[in-house]
Every structure is written in structure tokens, then in C-alpha cells.
Amino acid sequence: MKHCILTLLLLTCISVTQAGNWPHWRGPHFDGSSAETNLPSTWSRTEGIAWRAELPGSSAATPIIWGDRVFIGSVDAEREKLVAICIDRTSGKHMWLRDVGDETHRDRRSTYGAPSPVTDGERVFFFYSTGDLVCFDFDGRRLWARNIQEDYGTFAFLWTFASSPTLLDGKLYVQVLQRDVPVSGRGLAGRPNESYLLAVDPETGKTLWRHIRPSRAREESREAFSTPIPVWHEGRPQLVLVGGDAISGHDPQTGKELWRWGTWNPRRITHWRLVPSPVAGDGVVLACAPKSSPVYGVPLGHQGVLDDSDLAWISGQDPRDVSSDVPTPAFYDGDFFILNDLRRKLSRVEPRTGNVTWTIDTPGRAKYEASPLAADGRIYLINHAGEAAVIDAATGDVIRVIPMDDPSGGEVVRASIVAASGNLFIRTTRHLYCVGARSSSSP
């Protein structure tokens with residue numbers, strides 16, 4: 001009995017400690033959802049705003065929040081620097097900014113600051129498309145730094161590589177799913193470029209292990225811009241990777257592959273790079289195939305190589321409203337919320353069957369590539385033009401559309417909206433907004 005009480009108290013303390021935080025790109029549950037309540041549903045750029053902080057450049061990196069600190073990766077466009085930023089959550093004042101690198105981009109479509117940071121509540125880890133992996137304490141002291149490209153070879157990607165790091169049970173994970181041959185002068189020559197999952201010691205930055213992940217994909221279809229996502233089955237965690245024409249589950253302690261399903265690309269089309277990360281709910285994990293292809297529901301619990309008969313469901317292929325080329329779906333209130341950026345649809349989907357509860361047209365004319373936030377009975381979206389859409393999760397009704405930016409110079413808004421401590425945090429091209437009432441410091 002005493003053991004049960006202690007366990008309950010420990011779990012309660014953990015829950016309280018993490019309440020109100022958004023420590024990972026896809027939130028506290030790795031699925032785009034938050035248990036936050038009393039979140040705002042109406043505001044403007046000038047009304048209902050707790051504060052607005054200026055940012056030195058545009059980036060797709062999503063804000064990360066722990067306690068009174070907001071961490072954000074970015075570029076400094078004027079100085080042409082990669083930077084790590086910490087902002088006070090209660091006031092919006094910059095607490096510190098640290099230079100990380102001197103290269104910011106190689107094309108106009110994206111920057112090297114696209115990956116989102118991750119935190120364990122004591123340290124914050126920033127990863128950049130240059131391969132720079134840097135750890136700071138909460139006061140901005142650099143604890144360690146390394147460059148993944150220098151250690152394991154230059155990244156072999158046609159486009160600018162981006163994948164966010166993940167923390168789980170005392171290990172920091174980074175995935176690099178890339179071409180096996182050089183492209184446009186990038187990648188190793190004379191030997192194959194390996195795709196891999198890397199486990200790093202958060203204390204020291206040293207490699208714990210590197211698991212090579214094989215792929216039968218060809219050329220650009222080997223490239224993945226997804227993030228490794230922890231999922232739990234029967235109380236046990238595993239890391240799920242998606243890309244290279246396959247989805248696979250891995251042992252977080254060793255990287256060993258536990259299961260694999262592929263492929264959504266049986267003809268081995270060569271240009272099907274993969275962007276959305278996996279998401280799990282109700283015993284099913286999703287793999288979103290690219291280019292208006294279906295979404296595949298893969299039931300957890302299998303071992304080894306799966307075939308199509310093992311799938312829980314495949315989304316309808318005509319008219320293929322349930323699809324996603326870029327955004328990662330959310331899991332909330334027992335269902336998946338799948339944002340179709342190419343056909344401009346949002347669907348609520350049952351995990352076990354793939355049945356669609358509702359599908360709506362996303363409002364506005366701009367494209368939605370940022371992944372959805374699900375919280376407080378609503379789905380929060382933001383499109384390239386910086387228009388934030390608030391949608392009723394139960395009915396699919398559009399509650400409100402709120403312009404938050406006027407992008408220019410080819411820049412677009414790609415960072416997801418996040419929720420923490422009763423507020424929404426919205427990154428536009430040059431600002432970070434804290435939406436809602438100004439909150440007090442954490443105890």
C-alpha cells in the first residue's frame with residue numbers, strides 16, 4: 001500500500017511539474033495536444049495580447065516553453081547568424097541570445113534554423129540544419145556543442161535538411177534519413193551515405209550509439225524531414241521513425257528495429273521525400289504518405305516486417321481528402337486531426353477504423369503547412385500568410401480567422417501554434433506573440 005501511495009505521489013508530482021509546459025515540438029504528449037484550458041479563442045494583433053517580442057529573422061522553428069522561459073531557434077537575418085534565443089514567458093523580454101553559426105540558408109525557401117529545440121527542464125538543446133547540436137543551461141551558459149556533419153559526414157539532401165531532436169528517458173535523439181549517394185555536391189563521395197538514428201548523452205553530448213536504418217527507397221524518396229516520435233504500447237516506449245518509404249519502431253535503449261512496414265511507394269518513385277512525423281493514438285500510429293497519397297494507420301503491437309494485411313486502415317483514395325504532404329497530424333479527444341495542406345482540408349478521423357467524423361475546407365487562400373495544435377476543445381492552425389484559424393474540434397465549425405502577419409520578401413509563416421500556462425504562443429516572420437492574459441511567474 002505504501003509503495004502504491006508513493007508511486008501515486010510521484011506521478012502526481014511529475015504531472016504538476018510538467019503542467020503548463022510545451023517541451024517538445026509536438027508538445028508534452030508528442031502528439032500536438034495540450035490539456036490546457038481557458039485558452040483564448042478571439043484576439044487580434046493589438047487586442048488580447050499579453051506581449052509581443054521581436055525576432056531577428058524568420059524560421060519554421062516552433063517555440064518551446066518550460067516554466068518562465070520560452071526557447072526559440074532562429075536566424076539573425078541582418079548579421080547572418082544562427083541564434084538560440086530565450087524569452088521571459090511572463091514579460092516577453094529577451095533574457096539571452098547566443099550565436100551558434102555563421103551560415104543561415106542556402107536557398108530562399110527555408111533557413112538552417114528550422115528545427116525546433118527541446119528541453120528536459122534543466123537544459124535546452126538546439127539543433128540546426130547545419131548539423132550544429134548545442135546544449136545550454138537555462139541561464140544561457142553553453143554546456144557542450146558538436147556538429148553532426150563533422151562527425152558522420154555532410155548531409156545528402158536535395159532540399160535544406162530539418163529534423164527536430166527528441167528527449168526520452170535520459171537520452172537525446174536525432175535522426176538523419178538521407179540519400180545514399182551525393183546530391184548537388186552534398187554527401188559523401190566514394191562510399192554510401194548512411195541513414196541513422198543517433199542517441200546522445202544529454203550530460204556530455206557524446207554519442208551513446210548510432211543505429212543504421214536501411215531503406216529500399218531511391219534518390220529523393222530516401223530523404224525525410226520528420227522527427228523521431230516516442231509512442232507507448234502496453235506501457236513500454238518505443239521510438240517511431242518514418243521516411244525512406246517505410247515506418248519503423250525502435251528500442252529507445254539500443255536503437256534496435258522492432259518492427260517495420262513499407263511501402264506507400266511500391267513503384268519506388270524517386271521524388272517522394274517525406275515530411276510529416278508519425279503520431280500515435282489509441283494503439284494506432286499514422287504514416288502520412290506524400291504528394292496527396294493516403295494516410296496509413298499501423299496498429300502497435302506487431303513485431304518484425306509487416307505486410308499490408310497488418311494495417312488497421314488506409315484513408316480513402318478518392319477524393320483523398322484525408323492526406324498530408326507536410327503537416328504532422330494531432331491526436332486529441334480520442335481522434336486524429338489530419339491537416340491536408342495540398343487539398344486544403346482538415347479532417348477528424350477515428351484511430352481504430354479510419355472513419356471520418358467530419359471534413360472541412362481550411363479558411364483563407366493561403367497554404368497551411370504548420371502542424372495543428374489541439375487544445376481546449378479547439379484546433380488552432382496558422383497558414384503561410386500568418387492567418388490563425390480557430391476551429392471547433394467537435395463540429396469542425398470555423399470559429400474565427402485572425403490575421404497575425406503580412407509576410408513579404410518571399411517569407412512565409414510555418415511555425416506551429418503552441419499552448420502553455422494558459423496562453424497561446426504564435427510565431428510569425430518577425431515576432432513571437434503571447435496571446436491571452438499576462439500571466440505571473442511560476443512558483
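With a cut-off of 13 Å between beta carbons, the residues surrounding A394 carry a summed charge of -3, where Lys and Arg count +1 and Asp and Glu -1. The packing ranking, built from the mean of other Cβ atoms within 10 Å per residue, places the peptides 205-218, 367-380, 78-91 in the order 367-380, 78-91, 205-218, highest first.
Averaging the inverse of every distinct alpha carbon separation and then flipping it gives the Kirkwood radius. What is it for the stretch 80-239, in angstrom units? After inverting the mean inverse Cα-Cα distance, the result is 16.7 Å.
Per-residue packing, averaged as other Cβ atoms within 10 Å, sorts the ranges 119-129, 423-433, 138-148 into the order 423-433, 119-129, 138-148, beginning with the highest. With Cα atoms defining each centre, the stretch 200-237 and the stretch 255-280 are spaced 12 Å apart in the structure. Taking only the C-alpha atoms of the stretch 85-131, Rg followed by Dmax gives 12.7, 36 Å.
I'd like the per residue volume of the convex hull spanned by the Cα atoms of the stretch 244-286, given in cubic angstrom.
Considering the Cα atoms of the stretch 244-286, their hull volume per residue is 93 Å³.
The radius of gyration of the Cα set in the chain, together with its Dmax, comes out at 20.5, 64 angstrom.
Karplus-based coupling profile of the stretch 426-435, in residue order and whole Hz: 10, 9, 9, 5, 9, 9, 10, 9, 9, 9, with θ = phi - 60° in 6.51 cos²θ - 1.76 cosθ + 1.60 and x standing for Gly or Pro. Within the straight-line cut-off of under 23 Å between alpha carbons, the lysines reachable from K81 are K93, sequence neighbours fewer than 8 places apart in one chain being disregarded.
Bear in mind that the values in this text are calculations on the coordinates, not laboratory data. Being a predicted model, the structure only gives us computed values, none of them experimental. Quick reminder, even Gly has a Cβ in these numbers, built from the backbone with ideal geometry, and neighbours come from all protein chains shown.
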